[in-house]
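**Student:** Okay, here's the structure, questions in a sec.
The values are calculated or read from the model by the stated rules, or taken from the named source; none is laboratory data. Note that the coordinates shown come from a computational prediction; the quantities given were computed from them, not determined experimentally. Because the Cβ atoms are built from the backbone with ideal geometry, glycine has one as well, and the counts that use them run over all protein chains shown.
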Amino acid sequence: WDNADFSRGVGTTYYQEFSTLNTAKPPFIRDVEAKVRRYMRSSYSAAWTLKITWEKAPVYGARTDTRKTITYQAVLTTDGFRSYILMLYQDRGMQWDYTRLAATNVLIGYT
């Protein structure tokens, strides 16, 4: 979640919180649960989830060229005992020219 620059008025950040402990779960939460079950190979039922979306975020230092953007999401979810994060990137959504970034060890994801 580094190197995005919203200071030029380009791009938007959205978030949505889902508290689903004793309520019906919307399709988005059922999809998150299915992904956690599939990737972690364990049972999982979300009690709380936070979805954050960075839409059309320009790279830090873009100054004049704000056309090359990226759209991505972080989904934080917990059942009260275990917590997970899903990092989701729009298909072909990475438009930043990473060769022009100040850092040379660019990753999509986390370490």
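**Student:** Return the only residue of Ala24, Ala34 being of a type in the set (Gly, Ala, Ser), over 25 Å from Ala57 (Cβ atoms) and in a loop (DSSP other than H, G, I, E, B).
**Tutor:** Every option except Ala24 fails the conditions.
**Student:** Suppose the filter is within 22 Å of Ile70 (Cβ to Cβ), at pLDDT 85 or above and in contact with a helix residue (DSSP H, G or I) (Cβ under 9 Å, 6 or more places away or on another chain); does Lys51 pass it?
**Tutor:** yes
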